[in-house]
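Computed from the coordinates by the stated procedures, all read-outs in this text should not be read as laboratory data. Keep in mind that this is a model prediction, so the values were computed, not measured. When we count neighbours, we look across all protein chains shown, and the Cβ atoms used for this are built from the backbone with ideal geometry, even at glycine.
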Protein chains: 2
Amino acid sequence: MLTIKDCQMAFADYLAAHRFTQEPRNLYEPVNYIMDLGGKRIRPALVLLAHGLFSDVSEPALPAAMAVEIFHNFSLVHDDIMDEAPVRRGKPTLHEKYGLPAGILSGDVMLILAGQFLTRCEPASHTGALVRVFNEMAIEVCEGQQLDMDFEQDLNCTLPLYLKMIELKTGALIGASLELGAMVAGAEASDLFHLRSFGRKLGIAFQLQDDYLDTFGDPEKFGKKPGGDIVRNKKTFLVLRAAELANAAQKTALDQWMGSIHPNESEKVAAVMDIFTALDIQEETRRAMTQYHEEALGHLKAVQTTDHKKEGLLELSEMLFNRDF
Amino acid sequence: MLTIKDCQMAFADYLAAHRFTQEPRNLYEPVNYIMDLGGKRIRPALVLLAHGLFSDVSEPALPAAMAVEIFHNFSLVHDDIMDEAPVRRGKPTLHEKYGLPAGILSGDVMLILAGQFLTRCEPASHTGALVRVFNEMAIEVCEGQQLDMDFEQDLNCTLPLYLKMIELKTGALIGASLELGAMVAGAEASDLFHLRSFGRKLGIAFQLQDDYLDTFGDPEKFGKKPGGDIVRNKKTFLVLRAAELANAAQKTALDQWMGSIHPNESEKVAAVMDIFTALDIQEETRRAMTQYHEEALGHLKAVQTTDHKKEGLLELSEMLFNRDF
């Protein structure tokens, strides 16, 4: 059985063997910079583990693993420009270090390089199908990012649309990573469906947990003061679910607190937390997380291979869900 | 025989039938905006004309025509951000109208949509090969744009690198348009090579003519005062060829004039033109243009089909070269 460690090591070797040494250097050096910032390489591991469900060797899936990792980093580069983020993983963001034109153009070339790696997967007869899944995912990620930006402008933000947004922005790539890995191994359509669904639900559960921890997380364990999302008026599952459950007075109070920047942050966090407590939002969120997590596991269970082969994916999904990485 | 008019009409119909009506609107409305700005649809016409060399129907090549036109517009959108251009075809550029994040994200989705249209070409067994040619071209266009930006910073700008830059930035897409169209029709490798080479050389000739007209063009015919490139210190074929041919004194004078912004524009243009005249740069440029143009036509001639079928492409290449559109 393939372990997460095996996958990460195989991917690290592949990455090291495929550095971008081409000319012009001003185009490709920023690509190496962002790829070298590291990260946990979760998505390539998902590609290789899904491939490993149906195959005993990892090599054929490595170009697909590279494709999803480059795509993920492309999306970080362009999102960081749109979000005006100066820092990523403790280092300057790409556009902060190399300038806006480099941020745009090196991002563009990464999107194309990702597609190019995907076409290196053998057999060539699968290429069309791989590219179709990849493009569909890539479009979904753009749509998710647009919805996310729309929500910041307060456009049409409802709980169902929010769940759609996190499915597109986070779930689509996790689902496609699994699907692409399995496709390279020649998996059946029903297994592809279940792996894609497993990934998408897992992505949603992961994002809900992100929302949960920001407000209810143990500050000692997660290293930050709770309530950052509240301070920044971020539309999260918590706020949107509270808006659904609130009575008129609670709704008015919530809209007021979450509609403006308040000078006293602690007072604001405490007031919104009171509303959350009255509406049992902690339990509501935990229930939703668990539900998506269980749905995800149901799809993994339905994949037609041995339980033993699924251990790596199960372990990775638990690591993701428990932030244990 | 397929005429240019036939191609433009067929493409206009296809474009009208494939408007981007999806959600979220803030992502796709800017795509319609830029696609509706018009332009001469030269590249889709090249796809269809190249397809027409080997086939009597146009329909199968329409998704490829759409792919190259969307790609071309994607590159305009992102280039306009990098160049801080406020106006395109007499209208606000996309980022000027919708903001920087929309410029980046709607550009990104166009790059993916272009690839997606390409995968719609039948038969599906060709998809992998089409995608490979498309990705290689797309990377070349990014590399060309990077070299262009490097040259503005005065990095390593020599005549051979300048010719490489315009081949990548302009020639690659023209060459790939022809190649993709012919591929959809199942053309032989040698014909693909000659069509690609025809397009690349034509693209270089076209860009050299652009340089030529900016300085030596008839102001009445081209509607602008000559010498704009000189005023802006732009590295063009003219300046780079002059730098190759200049003696020490001429080289020093050229570097001085072209290395700073001069308060008296007419004086600067006249001084640089004097150097150009002394070095016979007008004739040098005309010779280079003619050489690339003739090389291009040599490749078209080598394509294995009837002369009659080549008439549309010949006509389009003359229109391009004579700016008669």
Over 20 Å, how big is the tail of the calculated P(r) for the range B:13-138, in percent of all Cα pairs?
-> 44
Per the 1/(1 + (r/R0)^6) rule, R0 = 60 Å and r from the Cβ atoms of B:LYS224 and A:LEU37, FRET efficiency to 0.05 is 0.85
Measuring from a point 7 Å out along Cα→Cβ, what nm distances, shortest first, does B:ALA270 have to its partners in the other copies?
-> 7.8
Extension length gain for B:SER266 and B:ARG25 (0.36 nm per residue less Cα distance), in nm, is 81.9 nm
Stretched fully, the stretch from B:GLN8 through B:GLU188 gains (0.36 nm per residue minus C-alpha distance, one decimal, in nm) 62.2 nm
Starting from a label point 7 Å past Cα on the Cβ side, list the distances from B:GLN291 to the same position in the other copies, nm, shortest first.
-> 7.2
Mind scanning A:LYS169/A:LYS201; A:LYS97/A:LYS224; B:LYS164/B:LYS235; A:LYS169/A:LYS224 and naming the pairs with a C-alpha gap bigger than 20 Å?
-> A:LYS97/A:LYS224; A:LYS169/A:LYS224
In nm, spacing of pseudo-spin labels at B:ALA129 and A:THR277 (7 Å Cα→C-beta vector) | 7.0
P(r) over all Cα-Cα pairs of the range A:106-233, 5 Å bins from 0 to the longest distance, whole percent per bin, short to long, reads 2, 10, 15, 18, 16, 14, 11, 8, 5, 1, 0
Could you work out the local net charge near A:ASN247, counting Lys and Arg as +1, Asp and Glu as -1, over the other residues with Cβ closer than 15 Å to its Cβ?
-> -2
In degrees from 0 to 90, rounded to the nearest 10, what is the angle of the helix A:248-257 Cα long axis to the longest principal axis of chain A?
-> 70
Take the alpha carbon atoms of the range A:141-169, find their center, do the same for the range B:8-52, and report the distance between the two centers in whole angstrom.
-> 27
Acute angle (nearest 10 degrees) that the helix A:100-118 long axis makes with the longest principal axis of chain A, alpha-carbon atoms = 50
Crossing angle, helix B:189-216 versus chain B [Cα axis fit, 0-90 degrees, rounded to tens] = 40
So, in nm and shortest first, the distances from B:ASP307 to its counterparts in the other copies, with label points 7 Å along Cα→Cβ, work out as 7.8
Relative compactness, the range A:4-321, computed as alpha-carbon Rg over 2.2 N^0.38 Å = 1.05
Estimated FRET transfer efficiency (A:ASP83, A:PHE216; beta-carbon r; R0 25 Å; 0.05) | 0.55
Most exposed to least, judged by fewest other Cβ atoms within 10 Å, A:ARG132, A:ARG43 sort to A:ARG132, A:ARG43
Quick shape check on the range B:105-144: root eigenvalues a ≥ b ≥ c of the Cα gyration tensor, a/c under 1.5 is rounded, otherwise prolate if a/b tops b/c, else oblate, and it reads oblate
Placing one equal point scatterer on each C-alpha of the protein assembly as shown and summing with Debye, one gets log10 I(q)/I(0) at q = 0.05, 0.06, 0.07, 0.08 Å⁻¹ equal to -0.27, -0.39, -0.53, -0.67
